[in-house]
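Before any comments, here is the structure.
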């Protein structure tokens, strides 16, 4: 295209200086166009960060089926479940309770017969499927729902491959499996939230009686969010964990950003969760300890507040 335009102007003008000047303008315009395109590609508007694509693999032999809804809701906080599979020998009566909830939750059951009495063959099937999914390249992370330490090596291998690994299991889960995950959530806190969020029968009867006595328009009462009973006690080890993490991140004045603090604590202790101690969030837990200062700083943008923490002096 450049040669065509140049030859055309040679025929029209025949003046070498004019031709060279025109050539300079063409080259400079093309260079500016390329630089502007490159500039726009580097500084295009911020894209929406998509959720992690998660493969959810459930060991039906080692987790209860009663909280599957709460488990999936918890998993949804960290990503989108693209694979949802559950493994068991479905001919056994011990897993019959799962059958009623699989269709509601769109979970694919995987049948694995026990080849030898007393041996669990479902673990091997689950591990093989996990590796197949890993090499398919269609997920960003895994959620292993089990209380069995046999999946410790699997979790380590998945993290070595750059995957995020979330674990969900009972409080009895062995420490090695918990430590092998990026984050581990106890089923008990999900169960406790479900129980605490349901009104008691006595309160329900009292509410119905009050509504019966009320006038045409019933009164709407907002109830506070339920707080799950603690499954762990606040002890010196917890206080030391938080204090050491604050000191690791502190600036010259001793302040540490709350977001960085939560991430560091989770790296040190994957099963840390403020709900374990009866608090919905980390800030109320830290405030209850009375050993830390909280500083909320406004940014002036959309009412965004940044929270900083430091040990009391």
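The values are calculated or read from the model by the stated rules, or taken from the named source; none is laboratory data. If you're wondering where the values come from, they're calculated on a predicted model, not measured in any experiment. Don't worry about glycine lacking a Cβ; one is built from the backbone with ideal geometry, like all the others, and counts go over all protein chains shown.
Descriptive notes on the structure:
- Condition broken by residue 218, with the remaining ones in (1) at pLDDT 95 or above; (2) touching a helix residue (DSSP H, G or I) at 6+ places or on another chain (Cβ under 6 Å); (3) over 30 Å from residue 187 (Cβ atoms) satisfied: (1)
- Checklist (1) buried (at least 17 other Cβ atoms within 10 Å of the Cβ); (2) in a helix (DSSP H, G or I) applied to residue 69, failing item: (1)
- Flag if residue 245 is free of Cβ contacts under 8 Å to residues at least 12 places away in the same chain and under 25 Å from the mean Cα position of the chain (by Cα): no
- Any hit, region 233-249, residues being within 27 Å of residue 152 (Cβ to Cβ), in a loop (DSSP other than H, G, I, E, B), at pLDDT below 95 and touching a helix residue (DSSP H, G or I) at 6+ places or on another chain (Cβ under 9 Å): yes
- Residue within region 252-260 that is within 20 Å of residue 304 (Cα to Cα), free of Cβ contacts under 8 Å to residues at least 60 places away in the same chain and out of contact with any helix residue (DSSP H, G or I) (no Cβ under 8 Å at 6 or more places or on another chain) present: yes
The rows are residues; the columns are (1) touching a helix residue (DSSP H, G or I) at 6+ places or on another chain (Cβ under 8 Å); (2) in a helix (DSSP H, G or I); (3) free of Cβ contacts under 8 Å to residues at least 40 places away in the same chain.
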residue: 263; (1), (2), (3): no, yes, yes
residue: 272; (1), (2), (3): yes, no, yes
residue: 275; (1), (2), (3): yes, yes, no
residue: 287; (1), (2), (3): no, yes, yes
